[in-house]
Amino acid sequence: MADRNQQQEVVMSLDEQNPETVKADLLRRYPIKIARKRSKQIVVNKVGACDDVPQISSNVRTIPGLIGQRGCCYAGCKGVVLGPTRDIINITHGPIGCGFYSWLTRRNQTDPDSSEDKHNFIPYCFSTDMQDEEIIFGGERKLRKAIQEAYDNFKPKAIAVFATCPVGLIGDDIHSVCREMKEKLGINVFGFSCEGYKGVSQSAGHHIANNQIFKHVVGLDDTVREGEYKVNLLGEYNIGGDAFEIDRIFKKCGISIVSTYSGNSSIDDFSNSHTADLNLIMCHRSINYVAEMMDKKYGIPWIKINFIGAEATAKSLRKIAGYFNDQKLIDRVEQVIAEELPEVKKAYLEIRPRTEGKKVMLFVGGSRAHHYQELFNELGMKILSAGYEFAHRDDYEGRKVIPSIKVDADSRNIEELEVTPDPGKYSPRKSPEEMNALENQGIKFSDYEGMMPAMKDGTLIIDDISQFETDAMIEIFKPDIFCAGIKEKYSVQKHGIPLKQLHSYDYGGPYAGFKGAINFYKEIDRMVNSKVWGYIKAPWEKNPELTATYAWG
Amino acid sequence: MLLRHTTKEIMERSALTVNPAKTCQPVGAMYASLGIHGCLPHSHGSQGCYAYHRTALTRHYKEPVIAATSAFTEGASVFGGQANLLQAIDNIFAVYNPDVIAVHTTCLSETIGDDIPQIINKAKADGKIPDGKYVIHANTPSYVGSHITGFSNMTKAMVDYFSSQNGPKQKTINLIPGYVEPSDMSEIKRIAREMGISSLMFPDTSQVLNGPMTGHYQMFPAGGSKIKDLQSTGNSLGTIAMGRMASLAAARALDAKCKVPYEMIDLPIGLQATDIFVDSLRKMAGVNVPESLSIERGQLLDVITDMQQYFFGKRVALVGDPDQVLALTKFLVSIDMYPVYIVTGSAAGKKYQKALEEATKDIPHEVKIKVGGDMLLLHQWIKNLSVDLLIGNTYVKYIAKDEDIPFIRFGFPILDRIGHSYFPTVGYKGGLRLVEKILDAVLDRKDRDSTDINFELVL
């Protein structure tokens, strides 16, 4: 307990508890080795000079048997870039399950009638439904035939193939099948080696997805579209219509979106996305690779933005306007903020008396646990603890720690693409002098400060939280609302505490932008003040003693 | 249009499944394991499997679904998952302390060829399994069969690991309910109780996946088959197994292992299938059917006669799991409806196909049956000639909306409505609910489509 001694000088308090004691409680039940590993993934936050925060172990192997939230590489790969993209056929090469579970189970809304060909394959599930004979004799023949059948039945303009666990083991070469079928059919066909066992979480799948979309799609269409202030919105998945709300605000400001990775997305927009002049990153974890590669190959800078929270939205819009450095846009953005904010403020001032001081915990994703703190802060709620499911140290501590991150065996197996400036298409959008000037104005390029610097001292940061720790945190702190996903929802609610799903939004939303913020305030008001939690005890449990009995007749 | 690329033209497909009507074995094994009291299901594979299965079951039941995983990495996939499973067993007993860990395999661990009994023996030898605790297993390769196969394999594992002839024959009857809702399991038990019969059900997910809100979370809820009951199934008088695909393997294994004879019947969905269930119980236990059940039967029949005019001749399309689809087809035919398109996702064999053909042979329409089909094919049939009613899981609502057909949710998964885990569709009471749902769907459509002139107050 060495780090406990170090902390003794400053005894921090978290909701009247000593966070170090709480941490020790969380670890007490674990076998020694497990406790040692988990103790590096559970950190008491302390923000020092230059936003320095304690190191947290993350993106490390899941402990067998501990029960957590994470999914696999396939889930991250199929889910992130192409799953929400409507005009491509995604074939899962494997037994039926993986395709089935990823069929319409993320709420990526899409508007197919907004693109010319009106293609939309999102409501479909395509699978090779591998049987034991393919496991024994190989599945390439069936995959080849499945691609042909997909083409014959649906005439898509592109087909992607996703490998599941057994495919890697039996050695099917999906990439050579894809190359062969691409040549034969004359449409874009490419594959993802995203077997579920790769990496330590869905994060590996994000990286693989980013790589392949960059290799096979980005840069195929050089058409420069009409419109001013052209941006790509990266890491925005249009859950509950978030991207539609951001789109509405952008349209009002005059900002043009070339492509969104990936919500309401189209493969045509991806192939054209290198024509944008700025990349905006929402979910840093899942998509920063594409932004980095576009910067290197095409000269498009990226900035981190956040449209979750009214103030965060205003701040992000100002950043974008600052980048383009055009008075017309700066004025327009200010005008839009002035138009939209009063209604948002009115909403939270009305709701705030009912939410002020209520306690929140958030354990979700690779960016949402950070972003949603904005909205809870606006409601005056108190964040006690937060953590990610699949993030890396840079998402917690900020990108400045990247050089010090040790690459372990699991991450080393995920391909790192060598990207160099494109001889014909590399064109830095800003000169080094302009970039310097913008940085001096406070616009940070290729940077994300991470979640921990934004959180209070003494809060508990828990990476890859387990079911045991979840239950313990609830017992200890009795939070007023807990944010996680569907697998955690009902166990938390059995404790009598509402759980807000921050993956699927409990089928509500949008929560992004100004209108989204209002939706979220109302939703949290409903959840923390709902009458239903007050009925848990029956009248006879509240007053078990019979003080008087009815005397009949 | 949601399914805007589905064409009327049907092309032969042999390699590509589109919109499957089945999923993989492990999720069924996980569901069955939850029907053992104090059991933690364990998925021996990469962590994505248990994440997906827990998600699917949670969304269907709106209840906690707890399970663990071996969390294979690339290394484990090369060298085998023994170390991961041993570590998992150690951690699970230390941290969560279940009575039983029920291990099921995945396509990953099956392709590697991990020998689970050997690993369990090693865990035992290493002292990783505390006294009085159990680790059981079922092989559930995802590339064979479907979720029903997985359910069946785990149910059979309960016999393999627990059942014994450890005492004198009891007057008890074993009930293997098949892959049905917790509400159905309660109802099947209630019918036996109503007849004064002592029964042992396995698996039994009632009060596990339809538990109460108490303000106290219990990882291992009150429900589930108890270990001592599973052990004494070998002493029972007989077994009634419901739904051949989900329950036959366990019933046969129990007969072979402990000489407990079994009767294999359809799922008790609808009047006649429930009659067969009640009659089997009566004969096996040697009891009389109580008046209370005769009243329930009479009520169901009464309602059917009242509604029959609206059922007669309605064309129905039906998709789902084999045991449900067969029982439902027979029921629909018995109330004068015409199940004209029938699809199961699981391949259930030629005999099964014949049973469906036999059940529908008197329907005066062309009847299309595909055992081991998918929802794209069903949709294409509908595009060629429509139906009056659709019955299937939540995914069918995309077809229902596009084709504007009344739709009843039935089967697994139901992701968008609540109630199925609380209200049974088996037994006479369940039959009442089923015909109410059918009538509501048919008459809501009639009301919607009526003109102002022929819109009726009384129907």
Tell me the label-point distance for the pair residue B:422, residue A:377, using the 7 Å Cα-to-Cβ offset, in nm and rounded to one decimal. 4.1 nm
Suppose R0 equals 35 Å. What FRET efficiency, 1/(1 + (r/R0)^6) with r the Cβ-Cβ distance, do residue A:457 and residue A:437 give to the nearest 0.05? 0.50
Taking the 0 to 90 degree range and rounding to the nearest ten, how far is the long axis of helix A:174-185 tilted relative to the main principal axis of chain A, both from C-alpha atoms? 50 degrees
Total charge dipole magnitude, the stretch A:283-398, about the Cα centre, Cβ charges on Lys, Arg, Asp, Glu only, Debye to nearest 20: 200 debye
First check a/c for the stretch A:184-225, with a ≥ b ≥ c the square roots of the eigenvalues of its C-alpha gyration tensor; if it is under 1.5, answer rounded, and if not, answer prolate when a/b is larger than b/c or oblate otherwise. oblate
Taking alpha-carbon centroids only, the stretch A:18-74 lies from the stretch B:121-198 a number of Å equal to 37 Å
Rounded to the nearest 20 debye, dipole of the stretch A:73-216 from Cβ charges on Lys, Arg, Asp, Glu: 300 debye
Take each of the peptides A:351-362, B:197-208, average the number of other beta-carbon atoms within 10 Å over its residues, and list them starting from the highest. B:197-208, A:351-362
Hey, got a sec? Which GluC sites (Glu not before Pro) in the stretch A:391-452 land in a DSSP loop and have at most 10 other Cβ atoms within 10 Å? A:418
Gyration tensor verdict on the stretch B:149-194 (Cα atoms; rounded if a/c is under 1.5, prolate if a/b is larger than b/c, oblate otherwise): oblate
Pairwise over distinct Cα atoms, reciprocal of the mean inverse distance: report the Kirkwood radius of the stretch B:300-449 in Å, one decimal place. 15.5 Å
With every protein chain in place, what's the accessible area of residue A:392 (1.4 Å probe, Å², nearest 10)? 30 Å²
For chain A, whose charge dipole is built from +1 on Lys and Arg Cβ atoms and -1 on Asp and Glu Cβ atoms, the candidate among A:69, A:124, A:530 with its Cα farthest towards the positive end is A:530
Listed residues A:383, B:276 arranged by accessible area, highest first, probe 1.4 Å: B:276, A:383
Where does chain A land at 222 nm, in deg cm²/dmol rounded to the nearest 500, when only DSSP H runs of n ≥ 4 count, each adding -39500 (n - 2.57), divided by all residues? -12500 deg cm²/dmol
State, in angstrom, two size descriptors of the stretch B:370-417 derived from its alpha carbons: Rg to one decimal place and Dmax to the nearest whole number. 10.4, 29
Rg to Rh ratio, chain A, alpha-carbon atoms and Kirkwood radius? 0.99
What's the angle, to the nearest 10 degrees (0 to 90), between helix B:82-95's Cα axis and the longest principal axis of chain B? 90 degrees
Once label points are set 7 Å from the Cα along Cα→Cβ at both residue A:111 and residue B:164, what is their separation, rounded to one decimal in nm? 6.7 nm
Roughly how many Å² of residue A:411 are accessible to a 1.4 Å probe, to the nearest 10? 40 Å²
Rg (Å, one decimal) plus Dmax (Å, integer) for the alpha carbons of the protein assembly as shown? 29.3, 100
Computed label-point distance, nm, for sites residue A:36 and residue A:118 using a 7 Å Cα→Cβ extension: 6.4 nm
Taking the 0 to 90 degree range and rounding to the nearest ten, how far is the long axis of helix A:284-298 tilted relative to the main principal axis of chain A, both from C-alpha atoms? 30 degrees
Within-9-Å neighbourhood charge of residue A:53 [Cβ basis; K, R +1; D, E -1]: -2
Nearest 20 debye, what's the magnitude of the dipole of the protein assembly as shown about its Cα centre given +1 on Lys and Arg Cβ and -1 on Asp and Glu Cβ? 1680 debye
Globularity index of chain B, i.e. its alpha-carbon radius of gyration over 2.2 N^0.38 Å: 1.00
Percent antiparallel among DSSP beta bridges confined to the protein assembly as shown, rounded to 5, stands at 10 percent
Rounded, prolate or oblate: which fits the stretch B:25-162, taking a ≥ b ≥ c as square roots of the Cα gyration tensor eigenvalues, rounded meaning a/c under 1.5, else prolate when a/b beats b/c? rounded
Do the alpha carbons of any pairs in A:40/A:478; A:145/A:215; A:157/A:487; B:22/B:383; A:297/A:319 sit beyond 31 Å of each other, and which pairs? A:157/A:487
Taking alpha-carbon centroids only, the stretch A:94-161 lies from the stretch B:213-248 a number of Å equal to 38 Å
Give the Rg (one decimal place) followed by the Dmax (whole number) of the stretch A:73-216, computed from C-alpha coordinates and expressed in Å. 14.1, 45
Mind giving me the FRET efficiency for residue B:193 and residue A:248? R0 is 60 Å, r the Cβ-Cβ distance, nearest 0.05 is fine. 0.50
Across peptide A:119-126, how many C-beta atoms of other chains are within 10 Å of each residue C-beta, on average? 6
When all alpha-carbon pairs of the stretch A:138-207 are counted, what percent fall beyond 15 Å? 53 percent
How far is the Cα center of the stretch A:268-325 from the Cα center of the stretch B:419-459, in Å? 52 Å
Applying 1/(1 + (r/R0)^6) with R0 = 45 Å to the Cβ-Cβ distance of residue B:122 and residue A:133, what FRET efficiency is obtained, to the nearest 0.05? 0.90
For peptide A:483-492, how many partner chain Cβ atoms fall within 10 Å of a residue's Cβ, on average? 5
For the ranges B:307-314, A:147-154, what's the packing order if you count other beta-carbon atoms within 10 Å of each residue, average per peptide, and put the highest first? A:147-154, B:307-314
What ranking do A:529-535, B:103-109, B:81-87, B:450-456 get when scored by the average of other Cβ atoms within 10 Å per residue, highest first? B:103-109, B:81-87, A:529-535, B:450-456
Within 10 Å of each Cβ in peptide B:144-155, how many partner chain Cβ atoms are there on average? Round it to a whole number, please. 1
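The values are calculated or read from the model by the stated rules, or taken from the named source; none is laboratory data. Being a predicted model, the structure only gives us computed values, none of them experimental. Cβ: placed from backbone, ideal geometry, glycine included. Neighbour counts: every protein chain shown. The accessibility values were calculated without ligands, DNA or RNA, using every heavy atom of the protein model including side chains. Shrake-Rupley method; radii C 1.70, N 1.55, O 1.52, S 1.80 Å.
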